[in-house]
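For reference, the structure is listed below as structure tokens.
The values are calculated or read from the model by the stated rules, or taken from the named source; none is laboratory data. Predicted, not measured: the structure shown is a model, and the values here were computed from it. When we count neighbours, we look across all protein chains shown, and the Cβ atoms used for this are built from the backbone with ideal geometry, even at glycine.
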Amino acid sequence: MTEPTPTSRPSAAELQDALQAALSWWDDMGVDVPEIAPPKPVTRRSKAAPKPAASPKPAVRAAAAPEDIDRAALAQTLAKAAPTLEALKDAISKFDAGLLSDHAKTAVFARGNPAAKIMVVGEAPGSQEDEAGLPFIGQSGQLLDKMFAAIGLGTDEIYVTNICNWRPPQNRDPSPDEMAFCRPLIQRHIALAAPEIVVIVGGVSLSALTGQTGIMKARGRWIDLTIEDRNIPAMPLYHPAFLLRRPELKRDAWRDLLAIKARLEGEPAP
Ligand code: URA
């Protein structure tokens, strides 16, 4: 992966910085930003605190020993068999994703409008997404929503998901084996949602969906994504978590957002 990903929970100060960066993005776009209250002190669970009750394990576990399961083949079969988004969501929620579903509290499917023209595909849920069962609801999700709002698209005008439906342990990137079973699931997800445009958010999503590496070079250039015999224009975009750490790159992201808006409206690229 070409961009840094957080490996531990951000501190209150980091969260505050991230929030300020998000607001300054919006401010840069010429919009009045509200005053924000200072952060509440973070209370940490004591080490002695009892562990939360274990989440229910996936109902569909293959009969073979875990290391013998060909999860990629299983995911392929389940994905193909899902005729609707609801059916796919159900299949994913029951899928034995090994370490991923053992560690995650929930399988995170999507949020927003499944009929939207824009489908945004991020990397993998973080801790807040895992808690809530919804993608992109933390700091980077808030920035993501602001980025699309800045080109006039509200949260009900985008459909948001990730290439990986489970929060990887310690927020690491999905391994190549995990990617292999996540890929047919996200491909079917895109095919069923059938958006006009896919926005590929971050380097991990770029490599999972296209095999290309290097978001710094790929961003801002349209790609033809072939999903189940259909070509869908896709725009790689910097991950908002990356923009929170590298706010000077928001200028590039803004250009890419304007290109998405122009394509959506059938206008020449700016
Ligand atoms: N980062 C992602 O890529 N996806 C999420 O859902 C949250 C953070």
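The set of residues from segment 149-164 being within 12 Å of the ligand (Cβ to nearest atom) and not hydroxyl-bearing (S, T, Y) comprises V160, N162, I163, C164. Go over the candidates Q187, Q170 one by one and state the one that is within 16 Å of the ligand (Cβ to nearest atom) and either under 22 Å from A75 (Cβ atoms) or not in a loop (DSSP other than H, G, I, E, B) (or both). Only one candidate passes the filter, namely Q170. When every residue of segment 117-126 is checked against the conditions, none turns out to be within 23 Å of D90 (Cα to Cα) and surrounded by fewer than 20 Cβ atoms within 10 Å (Cβ to Cβ). Just wondering, is there one or more residues in segment 239-257 that are modelled with pLDDT under 95 and out of contact with any His (no Cβ under 8 Å at 6 or more places or on another chain)? No. For segment 163-219, a tally of residues being of a type in the set (S, T, Y) and within 19 Å of D229 (Cα to Cα) returns 1.
For segment 96-105, the candidate set comprises residues that are more than 13 Å from A124 (Cβ to Cβ) and in a loop (DSSP other than H, G, I, E, B); within that set, the residue that is nearest to the ligand (Cβ to nearest atom) is K105. In the set (1) part of a loop (DSSP other than H, G, I, E, B); (2) touching a Leu at 6+ places or on another chain (Cβ under 9 Å); (3) under 21 Å from I215 (Cβ atoms), the condition left unmet by A116 is number (3). Of all the residues in segment 112-148, those that are closer than 21 Å to A193 by Cα and more than 10 Å from the ligand (Cβ to nearest atom) number 11. Looking only at residues in segment 217-231 that are touching a residue at least 40 places away in the same chain (Cβ under 8 Å) and of a type outside the set (V, I, T), the one that is surrounded by the most Cβ atoms within 10 Å (Cβ to Cβ) is W222. Do the conditions hold for V108, that is, is it of a type in the set (V, I, T) and in contact with a Pro (Cβ under 8 Å, 6 or more places away or on another chain)? Yes, satisfied. Counting just the residues of segment 232-257 that are without any contact (Cβ under 8 Å) to a residue 60 or more places away in the chain and part of a helix (DSSP H, G or I), which one comes out farthest from H189 (Cα to Cα)? Within segment 232-257, the match that is farthest from H189 (Cα to Cα) is E248. Residues in segment 158-190 that are surrounded by fewer than 17 Cβ atoms within 10 Å (Cβ to Cβ) and without any contact (Cβ under 8 Å) to a residue 60 or more places away in the chain: 2 in all.
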